[in-house]
Amino acid sequence: MTVRTFRSTATTPLDRGREFGIAHASQIAATVDAYRRIFETQAGGAVDLAHWGGLALDRIAVVSAALAEEVQGIAEGADLPVTSIAAINARTEILAAVGASGAHECSTVVHLGEGSPVAVQAWDWYGALADSWLVWEIPHADGHVTTTLTEYGIVGKIGVSTRGLGLLFNILHHDQDGTGIGAPVHVLARAVLDEAADLNQALLRLSTAAVSASSSLTLIAAVGGESAAVSVECNPGGVGYVLPDDSGLLLHTNHFLSTPAALHDVELRTGPDTVMRYDTLRRRLTGPTIPSITRVLTAMNSHLLGGGALCCHADPTLPATGQFETLATVVLDVAGGTLSAHAGGPCTHPLTTTPHEETRMLKLKRIDNMDILTKDVQTLVDFYHGTLGLPFHLPYEPDEEWAAIDFGNLTLYVFKSEVGEHAPRRTAVNPDNAPGLDSFAFEVDDLDEAEAYLDGKVEWVDQRIEWKHPSGTWYRYRPFFDPDGNMLYITEPHPTDA
Ligand SMILES: [Zn+2]
């Protein structure tokens, strides 16, 4: 499924709202209808949208006068009551107020390291709303741009601004949620992205908000080569902060990680999968390998918890109110100020690799060293260091009978052995040789010159040999023995692209 994207041209709130409302009237109406049904199912009876929408409109205006105007514009453009638009902008608060139960998922991963932060979220929500979202690009009069993944008619959610600020979103549940309608968290998210010039302004925006529906808003800042991230756990009891661990990894699922809010967590009873999703991410992303976007997406590719998994698919065995899906997988480029959304879960994301064990995938970089065992370390040192003129990689330890010799792009370690016999000498004719390591070859610029230099100093194995590959690449080379009888070559390679 392609991701729908809309770029506003109007830069004043009312006109921007109208333009959006006109362009998406049917989708906005469908989203309002879908939420009306969800509210009523969760409430177990009729829900007065005009009543809740009226309360929501007041709270939206407190958060941001500009966004209240934009909501008005969307309503006008879509030809719907402004209370309907205000109600869906406060859908999280209304769900809390009507006592909605059941788990609501979402999994967030941020990693701060060298370069731009990695910031990824799986957005899990009601499957009925799978077609109700888009990516909205919002240029502002001063030139900066907010890009948000949001639902039709809701002013914002997950997003990024070209001021080097990103925001990821996880719903939380606190035992004091649902008293009236507080600051709508979706409107707060958009206000932060539109208005905050830096991380400090964003933090102040969130720390002073009075919410009625708990949410973790993870802020990521990346400006001038510096980066930072923090999850702000907004809740009716106050605000808590979660910081990245020592490796720069910051994870959030749907339970409080800060106290005292964690003592009031409802999700631990209604959606304990949040604890296991957190643990799976932690285990898969902790370790020496830097969590790249691919690695994060692959870590999120888990179906272990069924309908409560990191990559969440509707579970037909659960009641309809418990059927959630990963509707989108979102990757923020905070430094670049852009957002990329994939319609669906991590398991179908093009950057995800399978199997899940990719997180433990071997990533060999290059040959670092090789070892030769010998009964006479000094003789080999005289040969490699003296005759061939190769430098030591580490100071020679004659008393300890080992040496590390710099082969240019790898280190040869020579160690003492006092058991058995050396393997038989090999020849340059492969079919004549027993299996096992055969030889190693040193590149030279001029075979004639190298051959002339070594003549009389080494024991040649064979005459000069020339070999051509059909691609055009060819080599000429000559094998010789070291004093122990290990076979080496000098070779003059001629790759086709040279
Ligand atoms: Zn999946």
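Here, each number is a calculation from the coordinates, and none is a lab measurement. Keep in mind it's a predicted model, so treat the numbers as computed, not measured. Every residue, glycine among them, receives a Cβ derived from its backbone with ideal geometry; neighbour counts consider all protein chains shown.
Using the Cβ-Cβ distance between ALA29 and PHE6 with R0 set to 25 Å, the FRET efficiency works out to roughly 0.95.
Only the Cβ atoms of Lys and Arg (+1) and of Asp and Glu (-1) were treated as charged; on that basis the dipole of the stretch 197-311 about its Cα centre amounts to roughly 280 debye. Helices in the chain, meaning DSSP H runs of at least 4 residues, each add -39500 (n - 2.57). Divided by all residues, the mean residue ellipticity at 222 nm is -7500 deg cm²/dmol. Counted by Cβ distance under 9 Å from VAL223, the other residues give a net charge of -1, where Lys and Arg count +1 and Asp and Glu count -1. Ranking THR374, PRO319, LEU412 by Cα position along the charge dipole of the chain, where only Lys, Arg, Asp and Glu carry charges on their C-beta atoms, puts PRO319 farthest toward the positive end.
For the stretch 369-494, a crude dipole built from +1 on the beta carbon of Lys and Arg and -1 on the beta carbon of Asp and Glu, taken about the Cα centre, is about 440 debye to the nearest 20. Our estimate of slack between GLU76 and ALA452, defined as 0.36 nm per intervening residue step minus the Cα-Cα distance, is 126.4 nm. For LYS416, a cut-off of 16 angstrom between C-alpha atoms picks up these aspartates and glutamates, skipping any fewer than 8 places away in its own chain: ASP371, ASP376, ASP382, GLU397, ASP399, GLU400, GLU401, ASP482, ASP484. What is the sum of charges, Lys and Arg at +1 and Asp and Glu at -1, for the other residues whose Cβ falls under 13 Å from the Cβ of ARG36? Net charge in that neighbourhood comes out at -1. Charge dipole of the stretch 258-414 (Cα centre as origin; +1 on each Lys and Arg Cβ, -1 on each Asp and Glu Cβ, all else neutral): 740 debye, rounded to the nearest 20. Where in the stretch 188-217 does the amide nitrogen come within less than 18 Å of the point 7 Å from the Cα of LEU268, taken along Cα to Cβ? Correct set: 214-216.
Ranking PRO398, GLY386, HIS469 by how far each Cα lies toward the positive end of the dipole of the stretch 369-494 (charges on Cβ) leaves HIS469 at the top.
Under the rule that an exposed site lies in a DSSP loop and has at most 11 other Cβ atoms within 10 Å, name the longest stretch of the chain with no trypsin sites (Lys or Arg not before Pro) of that kind, not counting the sites themselves. Of all site-free stretches, the longest is 1-362. Computed extension length for ASP279-GLU466: 61.5 nm, one decimal, from 0.36 nm per residue of separation with the Cα-Cα distance subtracted. Once the chain from ALA434 to GLN378 is taken as fully extended at 0.36 nm per residue, the excess over their C-alpha distance is 17.4 nm.
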